[in-house]
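The values are calculated or read from the model by the stated rules, or taken from the named source; none is laboratory data. Quantities reported herein were computed from a predicted structural model and do not represent experimental measurements. FYI the Cβ positions are ideal-geometry reconstructions off the backbone, even for glycines, and counts take in every protein chain you see.
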Ligand code: PLP
């Protein structure tokens, strides 16, 4: 077996990777070496050459409690020793306890359906929505409406709901019955229009879509509390509350995708808790276990669940997956939530997010920065070529900032491969466990890099 030292000295680790591993998203490029990450502690990761980086993206927006949590490893170890597996056609203690805990956090009574990933959780929500309407006497309700620029997953249904053309290009045709409307993008709203009026106009677009599609054919709307991976597009509260009102008015279910926003990211336990709404279903993944193990949840309002209780033939939910609700994953999720609560990481997310936003607000004076916005510990910096026309920044300019940050030991992200010409928004989504020094480090690197990239 190789020791860490052997690995460090091995010149071939990257070649080995190149030979065998097909990477997610990243383009094949012999010049661009993949980063082989070997360790993580707090907000910091170490690569196989000993390079240290503050992970300003928490992996893929998911390691909310930070790296190297021994309690989480222990929770998994102990559960695997005790009971490694039972399928969710039966039950087990961590699954029962976690369902109760998630309900407590949601502040209501939902039924908790376990799966493995955010995509799975959304697929489950779509199937439940269609079957619910069928069994509720509204057989025609089968369509889903989501927003352009939002991401809801990579499987065929979740990708159909995704509103990012670049993610779908060459995989189409996707599922029929998935429709899209424009999201509020407050930075790009028409000149002279108030944020409120603009957000209400966007909500009206959704209502028009429902009506023009024949409301009796629409099953559900799916949306994130704010669009995350699509460019940190934060709606005004009137938008979200109006959307719920419209859904209710037309008998359409509201599915809230909390895959990124959940578990403290936005400064509340769930992103939708910033608004006065009560979703029909809530999907969650990533921060549920801080990505220490794969697990996702589709939380479904109990009155919807009731329609599946009737004894008619095939009226039960005929969906199963092998790994969803794995006992060790549930045990890790419980411990992860305990850490979030014990260390007040949700409140800290709000506090650190505000600090980060205030500190980085001065970047708005930079000639290529059009907007700096965020909610909780989730920040977007929209880069433009021209502040007046708001023409999105060229990819080379955006990529230069990202690579310069990396050279100084800070990983940041962007809304890559989303909508042609609009992949111009830098993203920061650091672990909620960041120390004050970590935040100061992010701020100083960002300021330095933008200064060095001033024409
Ligand atoms: N929903 C949102 C908002 C996401 O950001 C993602 C993934 O990034 C997904 C769903 C899909 O989650 P997964 O990658 O776990 O399938």
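For this structure, a couple of remarks:
- When residue 70 is tested against (1) buried (at least 18 other Cβ atoms within 10 Å of the Cβ); (2) away from the ligand (no atom under 16 Å from the Cβ); (3) under 17 Å from residue 291 (Cα atoms), just one condition goes unmet, and that condition is (1).
- When each of 186, 175 is tested for being closer than 20 Å to residue 128 by Cα and surrounded by fewer than 22 Cβ atoms within 10 Å (Cβ to Cβ), the lone residue that passes is 175.
- Among the conditions (1) buried (at least 24 other Cβ atoms within 10 Å of the Cβ); (2) farther than 28 Å from residue 186 by Cα, the only one that residue 429 does not satisfy is (2).
- Counting only strands (runs of 3 or more DSSP E) that sit wholly inside the stretch 237-306, those with at least 1 residues that are away from the ligand (no atom under 16 Å from the Cβ) and in the same structural domain as residue 328 (by TED's automatic domain parsing) are 253-257, 296-301.
- Some residue of the stretch 418-432 being assigned to a helix (DSSP H, G or I), touching a strand residue (DSSP E or B) at 6+ places or on another chain (Cβ under 9 Å) and at negative phi: no
- Identity of the residue in the stretch 51-67, closer than 17 Å to residue 38 by Cβ and part of a loop (DSSP other than H, G, I, E, B), that ends up farthest from the ligand (Cβ to nearest atom): 51
- Within the stretch 110-161, the set of residues being at positive phi and away from the ligand (no atom under 15 Å from the Cβ) comprises 137 only.
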